[in-house]
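Trainee: I have a structure here, written as structure tokens, and I will follow up with some questions on it.
The values are calculated or read from the model by the stated rules, or taken from the named source; none is laboratory data. This structure is a prediction, so every number in the text was calculated from the model and none was measured. Because the Cβ atoms are built from the backbone with ideal geometry, glycine has one as well, and the counts that use them run over all protein chains shown. Just the protein is used for accessible areas: all its heavy atoms, side chains included, with ligands, DNA and RNA removed. Shrake-Rupley method; radii C 1.70, N 1.55, O 1.52, S 1.80 Å.
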Amino acid sequence: QKEVEQDPGPLSVPEGAIVSLNCTYSNSAFQYFMWYRQYSRKGPELLMYTYSSGNKEDGRFTAQVDKSSKYISLFIRDSQPSDSATYLCGIFGGSEKLVFGKGTKLTVNP
Amino acid sequence: NAGVMQNPRHLVRRRGQEARLRCSPMKGHSHVYWYRQLPEEGLKFMVYLQKENIIDESGMPKERFSAEFPKEGPSILRIQQVVRGDSAAYFCASSRTENQPQHFGDGTRLSIL
């Protein structure tokens, strides 16, 4: 079983839709959870960072962590065409090694 | 711009040549990480360095690849005797401490002819 699993999509939604992106992980030692957004030909940009179970909200973005199920989610409300990108979950356990999912490619259609 | 700076953005090499990729971390960050990204694949960890020390190189091929982060100057990822399979995007990230989130540069796209 891979350490971090993420559905690669692609995911296509109409403008204004609520988007749900998810990752599962296998190592219960993982403590820190991040979501990155990557536009084509650019580096990953940090969107959300959390280290506890529960929800964290930042504008239209909500990150959710369920450590008991080893499941993390990113919700995007009122999605915009500018949200079209690849979204990567990144997880690490306090050691130095950050493990990424393969990324989900999202397209928001105007 | 105080972000992670990588250069060059694009690098073309012929098989057998050497490739040198440079990374200047964000101001105040002393932890540097290198990743490789292939098309349709996620980011794969290669090496983690602090100033003058390699902390974890478990993701780096044993041969031809080396990395350094000297006391002065940028971190360097060096690939000797490049082969076609080395073609990829190489990303550098930095963090303030080992438990802080990593911030990425825009990468170096290496193409091997």
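Trainee: Name the residues in region A:38-90 that are open to solvent by 30 Å² or more (accessible area, probe 1.4 Å) and in contact with a helix residue (DSSP H, G or I) (Cβ under 9 Å, 6 or more places away or on another chain), would you?
Mentor: A:ARG60
Trainee: Please go through (1) of a type outside the set (Ser, Thr, Tyr); (2) surrounded by 15 or more Cβ atoms within 10 Å (Cβ to Cβ); (3) over 10 Å from the mean Cα position of the chain (by Cα); (4) within 11 Å of chain A (Cβ to nearest Cβ) for B:MET26 and return the number of the only condition it doesn't satisfy.
Mentor: With (1) of a type outside the set (Ser, Thr, Tyr); (2) surrounded by 15 or more Cβ atoms within 10 Å (Cβ to Cβ); (3) over 10 Å from the mean Cα position of the chain (by Cα); (4) within 11 Å of chain A (Cβ to nearest Cβ) applied to B:MET26, the lone miss is (4).
Trainee: Same structure again: Need at least 1 residues that are closer than 21 Å to A:LEU98 by Cα and not small (Gly, Ala, Ser) per element, so show me which strands (runs of 3 or more DSSP E) inside chain B make the cut, counting only ones lying wholly within it.
Mentor: On the way: elements: B:5-7, B:10-13, B:19-24, B:31-37, B:43-50, B:53-56, B:65-68, B:75-79, B:88-95, B:108-112.
Strands (runs of 3 or more DSSP E) meeting the threshold: B:5-7, B:19-24, B:31-37, B:43-50, B:53-56, B:65-68, B:75-79, B:88-95, B:108-112.
Trainee: Same structure, new question: From the list B:GLU98, B:GLU52, exactly one residue is surrounded by 13 or more Cβ atoms within 10 Å (Cβ to Cβ) and modelled with pLDDT under 95. Which is it?
Mentor: On the way: B:GLU52 fails: surrounded by 13 or more Cβ atoms within 10 Å (Cβ to Cβ).
On inspection, the qualifying residue turns out to be B:GLU98.
Trainee: Does region B:32-52 contain any residue that is away from every other protein chain (no Cβ under 13 Å) and within 18 Å of B:SER66 (Cβ to Cβ)? Walk me through it before giving the result.
Mentor: Just the residues of region B:32-52 that are away from every other protein chain (no Cβ under 13 Å), to begin with: B:51-52.
Remaining after also requiring within 18 Å of B:SER66 (Cβ to Cβ): B:51-52.
Yes: one or more hits.
Trainee: Assess whether A:SER12 counts as being assigned to a strand (DSSP E or B) and within 10 Å of the chain's Cα centre (by Cα). It would help to see each step written out before you state the result.
Mentor: Numbers: assigned to a strand (DSSP E or B): yes; within 10 Å of the chain's Cα centre (by Cα): no.
It is false that A:SER12 is assigned to a strand (DSSP E or B) and within 10 Å of the chain's Cα centre (by Cα).
Each row is one residue, and each column tells you yes or no for (1) out of contact with any Phe, Trp or Tyr (no Cβ under 8 Å at 6 or more places or on another chain); (2) modelled with pLDDT of 95 or more; (3) more than 14 Å from A:ALA29 (Cα to Cα); (4) aliphatic (A, V, I, L, M).
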residue	(1), (2), (3), (4)
A:SER73	yes, yes, yes, no
A:SER84	yes, yes, yes, no
A:PHE92	no, no, no, no
A:VAL99	no, no, no, yes
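Trainee: Assuming B:GLY107 fulfils every condition listed in (1) without any contact (Cβ under 8 Å) to a residue 60 or more places away in the chain; (2) in contact with a Gly (Cβ under 9 Å, 6 or more places away or on another chain) apart from one, which condition is it?
Mentor: (1)
Trainee: Looking at B:ARG15, B:ARG84, which one is loosely packed, with under 12 Cβ neighbours inside 10 Å, more than 13 Å from chain A (Cβ to nearest Cβ), in contact with a helix residue (DSSP H, G or I) (Cβ under 8 Å, 6 or more places away or on another chain) and more than 24 Å from A:CYS89 (Cα to Cα)?
Mentor: Values: B:ARG84 fails: in contact with a helix residue (DSSP H, G or I) (Cβ under 8 Å, 6 or more places away or on another chain).
None of the others qualify; the one that does is B:ARG15.
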